[in-house]
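Notes follow the structure.
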């Protein structure tokens, strides 16, 4: 067994049992659950349930379910290191694809939860999991979502995508090294935001009309000014006194 990360509370709580696991037989394979919800404004939210065995050992089945006391007994520094290790594992294991274009998993907000009912930890909680929350925006023009699962993810993934206001899609089971089926994002526009040909044309036509109107007004003012000057000149000539003969 190769342990990737451990702290003293972990050794105190399950170390001896872990060392005996090889001879006692393998434990149940943990899995990861990803709930993906997409809103009509192009925002998305992911909730990822992570069993800590996936990043504590290269073979998660060699570990028993991790007791909540392992995390509860950690110092603030140890808890921060545990969350950082979970984040590192998730970034390496999960790639997000929008419209077929792969992007890295954004930074997650990670908190410990009850591994049995996904509620906050309580003093009597038996097994600890971690809930990672991710929020972001779908890239302009992307009309599908997929998850690319790394070969060394150490577990299976259950993907539950849903479009807000619509029915949830059929859950997908993904094995390491696989990519999920595309989940269609029907609300995402095909054009990039800010591109609106018709309003732009209307705006240009409006500006042209205003320009022509101003030009016409200027021409009229100029013609009026010329006529006024001509009238004044003619009027002064007629008013000029005649010389005595």
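Shape index of the range 8-184: Rg/Rh, with Rg the Cα radius of gyration and Rh the Kirkwood radius from the inverse mean 1/r over Cα pairs, equals 0.99. For 170, 43, the sequence from fewest to most other C-beta atoms within 10 Å is 170, 43. Ordered by the number of other Cβ atoms lying within 10 Å of each residue's own Cβ, fewest first, 98, 187 fall into the sequence 187, 98.
Enter the Cα centre distance for the pair the range 34-66 and the range 80-146, rounded to the nearest angstrom. For the range 34-66 versus the range 80-146, the Cα centre distance is 5 Å. Each residue, residue 37 and residue 175, gets one label point 7 Å from its Cα in the Cβ direction; the gap between the two is 3.2 nm. By the count of neighbouring beta-carbon atoms within 10 Å, fewest first, 44, 89 end up ordered 44, 89.
How much length, in nm to one decimal, is gained on full extension between residue 135 and residue 28, taken as 0.36 nm per residue of separation minus their Cα-Cα distance?
Stretched fully, the residue 135-residue 28 segment lengthens by 35.4 nm.
Each reported figure results from applying straightforward, stated rules to the coordinates on display, with no laboratory input. Just so it is clear, the model here is predicted, and its values are computed rather than measured. In this analysis, Cβ positions are derived from the backbone assuming ideal geometry, glycine residues included, and neighbour counts consider all displayed protein chains.
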